[in-house]
Amino acid sequence: MKKKLALLLTCSMIMSLTACGGGGGETTAAPTEPAATSAEASGQTEAADKTEADDAGEKEAAGGMDALIEAAKAEGELTVYGSCEEEYLSLACKNFEQMYGIKTKFQRLSTSEVYTKISEEAGKPSADVWFGGTTDPYNEAVADGLLMEYKAENAANLISEDYKDPTNCWYGIYKGILGFMVNTEELARLNLEAPKTWDDLTKEEYKDLIMLSNPNTAGTAKLVINTMIQMKGHDEAMEYFKALDKNISQYTKSGSGPSKMVGPGECVIGIGFLHDGIYQILQGYDNIQLIVPEDGTSFEVGATAIFNGCAHPNAAKLWIEYALSPECVDHAKEAGSYQFLVLSNGAQPEEAAKFGLDMNNTIDYDFEDAKANSSKYVEDFFEALGSSADDRFKTE
């Protein structure tokens with residue numbers, strides 16, 4: 001596996017060098033051949049130069065990767081905070097440890113918990129890297145200078161520049177769409193239709209039937225708040241949340257919490273990422289229906305990043321290269337994670353594709369606004385709810 005990852009990195013650097021063109025070196029035609037025109041000679045020179053540059057790039061890429069692996073091994077260990085589901089986190093960490101012989105410890109925390117923790121640690125983080133979870137808390141961490149810039153070679157495989165931080169502080173590994181998961185059996189029993197839009201969720205007939213996550217602990221809920229503000233405007237969004245709150249039975253600690261309650265009937269409508277609903281359906285809950293809101297929605301970019309001031313920076317850089325490779329992402333479905341991958345060389349999970357979700361019915365999400373204002377918007381959310389912000393907000 002190690003050699004395979006190094007070879008992939010080598011290939012990506014060769015392609016990058018080829019696209020940029022070569023330089024240096026000269027060539028002459030053999031005396032027995034007709035003299036070349038100036039254009040032909042120039043072309044021959046450029047071709048030879050590019051070949052030399054490609055050869056040099058191949059050696060540099062191989063040497064660079066080998067050096068990184070050795071430096072990471074010398075550090076000997078890595079600590080990961082993961083905000084994806086624990087099964088995927090565990091699998092990814094164990095695979096990394098087996099590939100490189102680096103002792104890898106991990107802890108599952110929601111994105112908001114990670115952000116709060118590293119903020120309090122003020123440049124002396126107790127972990128080295130962050131893996132998984134929506135990027136709004138990552139962007140808050142970027143704004144606070146808590147993440148390390150690292151130009152990853154495997155970022156060349158991202159399908160779009162939209163799936164990385166402009167300053168190379170985080171990289172996307174997957175994409176998940178925000179929507180509703182409903183229990184069709186319970187809706188039929190209550191003689192209710194499934195909601196089709198965000199505004200439908202505020203209808204009186206859904207009182208105490210809906211679950212959402214807690215924005216103090218879950219990045220998913222922060223994304224919901226940012227989405228409504230961007231779709232409706234700030235003040236109208238706050239009025240919307242006051243109306244929606246009347247129908248919320250519980251605000252779960254984790255973003256995936258509502259999806260786990262729908263199948264057993266503990267809630268009738270869960271707001272969250274639809275890939276979490278796919279997992280529940282594949283676990284046998286065929287009473288779950290997935291809904292992409294007709295009035296549009298947003299999406300998460302599940303990311304990975306290095307903490308500034310981490311104890312094992314080389315192992316952390318190697319983790320980033322690993323996380324942006326098929327050796328990591330292609331195994332996600334083995335742990336029940338069915339997000340859509342944002343790497344061109346990753347294998348999209350068939351389990352997710354067969355549900356036919358409209359991944360394009362999304363707003364033009366303003367990541368910069370979310371980066372600058374997420375914390376303030378969460379404060380505004382709780383201020384709008386006032387005394388309604390009660391013990392329904394779970395932190396355990």
Could you tell me whether segment 141-150 includes any residue that is touching a residue at least 60 places away in the same chain (Cβ under 8 Å), farther than 17 Å from GLY172 by Cβ and of a type in the set (Ser, Thr, Tyr)?
no
Kindly provide the set of residues from segment 199-209 that are out of contact with any strand residue (DSSP E or B) (no Cβ under 8 Å at 6 or more places or on another chain) and not in a helix (DSSP H, G or I), ordered by number.
LYS203, LYS207
Would you check if there is a residue in segment 68-86 being closer than 18 Å to ASN308 by Cα, at pLDDT 95 or above and of a type in the set (Val, Ile, Thr)?
yes
Please determine, by comparing only the residues of segment 221-267 that are aliphatic (A, V, I, L, M) and open to solvent by 10 Å² or more (accessible area, probe 1.4 Å), which one is farthest from THR134 (Cα to Cα).
ALA243
It is to be established whether one or more residues within segment 153-160 are surrounded by fewer than 19 Cβ atoms within 10 Å (Cβ to Cβ), of a type in the set (Ser, Thr, Tyr) and under 25 Å from ILE69 (Cα atoms).
no
When ALA218 is evaluated against the numbered criteria (1) open to solvent by 10 Å² or more (accessible area, probe 1.4 Å); (2) at pLDDT below 95, which criterion, by number, is the only one it fails?
(1)
If the Cβ limit is 8 Å and pairs must be 6+ apart or interchain, which residue in segment 359-384 that is farther than 20 Å from GLY179 by Cα pairs with which residue that is of a type in the set (Gly, Ala, Ser) and not in a helix (DSSP H, G or I)?
PHE382/ALA389
Name the residues in segment 166-176 that are of a type outside the set (Ser, Thr, Tyr), closer than 18 Å to SER325 by Cα and crowded, with 20+ Cβ neighbours inside 10 Å, would you?
CYS169, TRP170, GLY172, ILE173, LYS175
Residue count for segment 177-193, restricted to those that are open to solvent by 60 Å² or more (accessible area, probe 1.4 Å), not in a helix (DSSP H, G or I) and not polar (S, T, N, Q):
2
Could you check segment 81-95 and list, in sequence order, the residues that are open to solvent by 20 Å² or more (accessible area, probe 1.4 Å) and in a loop (DSSP other than H, G, I, E, B)?
GLU85
Show me the helices (runs of 4 or more DSSP H) entirely contained within segment 275-383 in which 1 or more residues are modelled with pLDDT of 95 or more and surrounded by fewer than 20 Cβ atoms within 10 Å (Cβ to Cβ).
313-323, 326-329
Kindly provide the set of residues from segment 114-124 that are touching a residue at least 12 places away in the same chain (Cβ under 8 Å) and farther than 22 Å from LYS164 by Cα, ordered by number.
LYS117, GLY123, LYS124
Odd one out for GLY284 among (1) among the small types (Gly, Ala, Ser); (2) more than 23 Å from ASN360 (Cα to Cα); (3) touching a residue at least 40 places away in the same chain (Cβ under 8 Å)
(3)
Is it true that GLY133 is under 18 Å from PHE307 (Cα atoms), in contact with a strand residue (DSSP E or B) (Cβ under 8 Å, 6 or more places away or on another chain) and touching a residue at least 60 places away in the same chain (Cβ under 8 Å)?
yes
I'd like the residue in segment 96-142 that is assigned to a helix (DSSP H, G or I), among the acidic types (Asp, Glu) and surrounded by 15 or more Cβ atoms within 10 Å (Cβ to Cβ) and, out of all such residues, is modelled with the highest pLDDT.
GLU97
Which residues, counting only those in segment 384-396, are of a type in the set (S, T, N, Q) and either surrounded by 15 or more Cβ atoms within 10 Å (Cβ to Cβ) or part of a loop (DSSP other than H, G, I, E, B) (or both)?
THR395
Test LYS196 against the criterion of being in contact with an Asp or Glu (Cβ under 8 Å, 6 or more places away or on another chain), surrounded by 22 or more Cβ atoms within 10 Å (Cβ to Cβ) and not hydrophobic (A, V, I, L, M, F, W, C), and give yes or no.
no
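The values are calculated or read from the model by the stated rules, or taken from the named source; none is laboratory data. As the structure is a computational prediction, the values presented were derived from the model and not from experiment. Cβ atoms come from the backbone with ideal geometry, glycine included; neighbour counts cover every protein chain shown. Ligands, DNA and RNA are stripped out before the accessible areas are found, and what is left, the full protein with its side chains, is counted by its heavy atoms. Shrake-Rupley method; radii C 1.70, N 1.55, O 1.52, S 1.80 Å.
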